[in-house]
Every structure is written in structure tokens, then in C-alpha cells.
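Heads up: the structure comes next, in C-alpha cells.
The values are calculated or read from the model by the stated rules, or taken from the named source; none is laboratory data. Keep in mind that this is a model prediction, so the values were computed, not measured. Virtual Cβ from ideal backbone geometry, glycine too; neighbours counted across all protein chains shown. Calculation scope for accessible area: heavy atoms of the full protein, side chains included, ligands and nucleic acids excluded. Shrake-Rupley method; radii C 1.70, N 1.55, O 1.52, S 1.80 Å.
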Amino acid sequence: MWMNRPMRIRDLTITPVAFRDPPLLNASGVHEPWALRAIVEIVTDEGVTGLGETYGDLAQLERLHAVAPLLTGIDVHAHHALYAAVAAGLGGDVVSDRHGLIGASTPRKTVDSVFSPFEVACLDIRGKAAGLRVADLLGGPVRDAVPYSAYLFYKWAAHPGATPDRFGAALDPAGIVAQARLFIEEYGFGSIKLKGGVLPPDQEIDAVLALHDAFPGVPLRLDPNAAWTPETSVRVGTALAGVLEYLEDPTPGIEGMAQVAPQVPMPLATNMCVVTHEHLPPAVAQGAIGVLLTDHHYWGGLLRSSHVASLCDTFGIELSMHSNTHLGISLAAMTQLAAATPGLTHACDTHTPWQDGQDVVAPGALRFVDGAVPLPEGPGLGVELDRDALARMHRQYLDCGVRHRDDTAYMRTFAPDFVPKRAHW
Ligand code: GKR
Ligand code: MG
């Protein structure tokens, strides 16, 4: 006999955490010494717990707290009811970040970003209750392990005044190649992404060519976070013909990308000009992108990201995956989603190596084998909280004083004239 067995949300906990981040340079400035995340825990009426992870900026925390009480009592299977409750709770609010690296903020993107960690936690619960992995709930894995790329950054040897970190400085092609070598030795990555938009474009071309020489046949990407004009983008794309797998967000906006796309030999990719549903129709109509970097943190969680993947398939857009600084709950969620997304044929981005072992999840469930993360063994996301680590990182949050990610303001404490380089070159 059929029986509806709801599992209702009883408790929600939101814990902001802070952890050490190296001085990674980008077009907006430089990473601060502390990165922020928020850890979401949901407990059902039957005592099953689920985990989610999202941005830890104050504006995001306020929105999470505003909607959390509205979710109590909702069945964890009721995806649409949960989404509607979050949307109603936000009432058209728009949350903008202060670094501009993930594109424009819109009311829908705000709802999707706030909904995401709750949805992931509900899927974690549903998987645990059914004895299934989240990837099984998303259609089943099409790969057992998810390949990630080595994510290289220009960086200083240390935060000013601090002890040098173990990664060293990388401010020229030799430093970038050394960084790639370290990450490939430690993680086995089979593709490489360089975060650009930091040095004049010719120096970044030289760094990519040095990577090409040092790692023949390894797919390479360059991402200047829209720091170049369309003309410069065409020049760089032409200089790197046959070298780049894709060129990511060379220039701002759908129109700019559409201007560049037919003039360069490689596909253009984005996590900046197509970041919410209303951007897809004009991007498709104008032929602006060949690859979309999805990100469940702002595309509305895992199920909605799967739907976006189907849309991309329909319109012939290839898929990769975007990453901001994150911890293991997000890595588990990204891995479950990527494992169950057939069209995701490019290695995903991850900042994980930069966290150098700091995590809120208990060790063992997540590991890299030949640059890929095998799907964790257990049900749900397959990871458990390390409560001591969570308490320690929450204490760090309380003590560190950082409340928003602001790469530009931090850079200006050392270089007062610094201007974010959005179409600067
Ligand atoms: O963390 O500096 C960074 C990255 O630049 C990140 O924030 C970007 O959003 O990696 C991202 C990207 O691919 O644009
Ligand atoms: Mg990018």
C-alpha cells in the first residue's frame, strides 16, 4: 500500500566559519587572510541531519536567518514548497557581493543563492533516509570520480607582515609553472586553470605558453575575470590558438563576449555573464558562450543546476563547474552533482588545495586520486561534520573581524590607488 512519509524540518542551524586563505591575486584585488563560509545544518522530526554550505558574508547570513524560520515544518521532499518559502521570505531582495567575480546580482539569483544550502541539506537527508547517494537522487552517477583542475593564482609569498605560506610567490611564468608542478605532484590534476586579469595580458600569455611547454597535452584555461576589452581578448585568444581548452570571461557582458567569440579559435566560457536564468536566452541568441561554468551555490542548489545542465545540452553549450573558496561540504555537493551530470565534460574548478587541509568535514570521505574526487562511499553527501573543527572555525570567525569578502578594500590597504581591472586592458 502506498504511504506518504514526510520528513519535516524541525531545526535549522547556521554557523559562520572563518579559515586561513593565502594572498591570491585577481582582477578585484587580493584574497584576505580569512575566508568566510556559512555551514547549514537541518534536523528533521525523525532526527535525521543534513548539511549545506554557502557564502559567509554578513548579507548572506542575514538572508539565511530571515528565511530559516519559514522552513520549519516543511517536508524535505517538497523542493518547490521550500523554494517558494525562501522566495517569499526574501520578497525581491537583492544581495550583491563586494568582489564582482561572479557577475551581476538579481532578485532570482539572490533567491537561488539563499535556497541552495537548504536544498543541499534536504537532499543530504533524503539520501541518508533512503540509503542512497545524492548523485543517485539526481539521476544516478555517470562517473565514479569527478576530475578537477589545478587552479593556479598569481600570489604573493605571504600576506604582508605574515610568515610566508608553503605555496611561495608566483608572479612570473616560472612561479606559475612551479605552482602547477606542486599541485600536480600533490593531487595528480590532469588540467590547469590560471586565474588572470592580474598582470598585463602579454605576461599572462607568456605564463600560459610556459605551462604549455612544461605540461604538453594538458588542457589549459585562462580566466581574467573580464579584465580585458574585446580587442585585447581577441588578441590574447589569437596568440593562444591551439593552446587553450577555453578562454573564460575575457571581457565583460554578453554583448562583449558575443563580439569576441567568433574572432577567437577556442570556445569562450563564463561564470560572470550568464549567472542566472534570464541571462541564458540572450547569451544563446548572440552566440556569446560555448561553455557554462555552473555553480550550485548561485544556480539554486543541485536539482536546479541539473535542470540548467539540461538547458545547456539543448542549446549546445558545454559544461564546466565554477568554484569560489569553499570547504568539504561544498566539495561533496559539487562532486555529487558533477558525477550525475552527463554533459559535464570539462574538469571542474576547486579552490580546495588552497585550504591546505583546513575543513569542517571529518577526514577520510573526500580525497583526490589522479586529480579526481571519487564519489564518497556513504549515503547522502557522504560527509560528516567534524564538530571540533566547526567550533574552532566558528571561534576564528568571531575573532577575525572579517564580515564580508572584499578583495578590493584589502588590496587598497597596501596599494591605495588600486582600481579593479574590469576591462582595464
Ligand atoms: O577566488 O579569486 C577568486 C576567484 O577569482 C573566484 O572568486 C572567481 O569567482 O574563480 C572564480 C572564477 O572562475 O571567476
Ligand atoms: Mg571564472
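Taking amide H positions as modeled 1.01 Å from N, with prolines and chain starts lacking one, the residues under 5 Å from GLY380 and 5 or more places away or on another chain are GLY127, LYS128, LEU132, ARG133, VAL134. Over the chain, accessible surface divided per residue gives 36 Å², non-protein components excluded, 1.4 Å probe.
How would you rank 64-74, 274-284, highest first, on the average number of other Cβ atoms within 10 Å across their residues? Walk me through the numbers before you get to the answer.
Working: 64-74: 16.7, 274-284: 18.5.
My ranking of the peptides, most packed first, is 274-284, 64-74.
Our coupling estimate for the range 310-323, obtained by passing each phi through the Karplus curve with A = 6.51, B = -1.76, C = 1.60 and θ = phi - 60°, is 5, 4, 4, 4, 4, 9, x, 9, 6, 10, 9, 9, 8, 9 Hz, Gly and Pro reported as x.
A straight Cα-to-Cα reach below 17 Å connects LYS421 with the aspartates and glutamates ASP97, ASP202, GLU204, ASP223, GLU231, GLU248, ASP249, ASP406, ASP407, residues fewer than 8 places away in its own chain not being considered. The phi-based Karplus calculation (6.51 cos²θ - 1.76 cosθ + 1.60; θ = phi - 60°) puts the 3J(HN,Hα) values of the range 353-364 at x, 5, 7, 6, x, 5, 6, 9, 9, 5, x, x Hz, whole numbers, x for Gly and Pro. Farthest towards the positive end of the charge dipole of the chain, among the residues GLY242, TYR55, ALA283, is the Cα of TYR55, using unit charges on the Cβ of Lys, Arg, Asp and Glu.
Counting Lys and Arg as +1 and Asp and Glu as -1, each charge on the Cβ, what is the dipole of the range 136-385 about the Cα centre in debye, to the nearest 20? Mind dumping the intermediate values first?
Working: 10 positive and 26 negative charges, 10 e Å.
Its charge dipole is roughly 40 debye.
For ALA227, the residues whose modelled amide H falls within less than 5 Å of its own, excluding neighbours fewer than 5 places apart on the same chain, are ALA423. Given R0 = 22 Å, the distance between the Cβ atoms of GLU255 and SER96 translates into a calculated FRET efficiency of 0.55.
Highest mean packing comes first when the peptides 52-61, 303-312, 160-169 are listed by Cβ atoms within 10 Å, giving 52-61, 303-312, 160-169. Maximal additional length on extending the VAL369-LEU171 stretch stands at 68.4 nm, based on 0.36 nm per residue less the C-alpha distance. The dipole here belongs to the range 129-216: it is taken about the Cα centre, uses +1 on the Cβ of Lys and Arg and -1 on the Cβ of Asp and Glu, and is about 280 debye.
Where both residues lie in the range 136-385, what percent of DSSP beta bridges are antiparallel, nearest 5?
Values: 6 of 26 bridges.
Around 25 percent antiparallel, to the nearest 5.
Please report, in debye to the nearest 20, how large the charge dipole of the chain is about its Cα centre when each Lys and Arg carries +1 at its beta carbon and each Asp and Glu carries -1 there. If you can, show how the numbers build up before the last one.
Working: 30 positive and 47 negative charges, 94 e Å.
Taking the Cα centre of the chain as origin, the dipole is about 460 debye.
Largest first and in whole Å, the equivalent-ellipsoid semi-axes of the chain read 33, 24, 21, each the square root of five times a Cα gyration tensor eigenvalue. On alpha-carbon atoms, Rg over Rh for the range 298-375 using Kirkwood Rh? Taking Rg over the Kirkwood Rh, I get 0.98. Of the solvent-accessible surface of the range 136-385, computed with a 1.4 Å probe and all protein chains present, 56% belongs to carbon and sulfur.
Hydrodynamic analysis of the range 19-90 uses the Kirkwood radius over alpha carbon pairs. Inserted into Stokes-Einstein at 20 °C and 1.002 mPa s, it gives a translational diffusion coefficient of 148 µm²/s.
For the range 136-385, the square roots of the Cα gyration tensor eigenvalues, ordered a ≥ b ≥ c, give a/c of at least 1.5 with a/b no greater than b/c, which places it in the oblate category. Using 0.36 nm per residue and subtracting the Cα-Cα separation, the extra length available between PHE414 and THR106 on full extension is 107.7 nm. Using the Karplus relation 6.51 cos²θ - 1.76 cosθ + 1.60 with θ = phi - 60°, the per-residue 3J(HN,Hα) values for the range 10-22 come to 9, 10, 10, 10, 10, 10, x, 10, 10, 8, 5, 9, x Hz, with x marking Gly and Pro. Backbone amide hydrogens, once placed in the peptide plane, bring GLU53 within less than 5 Å of VAL40, excluding anything fewer than 5 places away on its chain. Max-minus-min Cα coordinates of the range 67-155 on each principal axis give 44, 40, 19 Å, with the largest extent listed first. A Gaussian network model of the chain, with springs between Cα atoms under 10 Å, assigns the largest mean-square fluctuation among VAL369, VAL291, VAL134 to VAL369.
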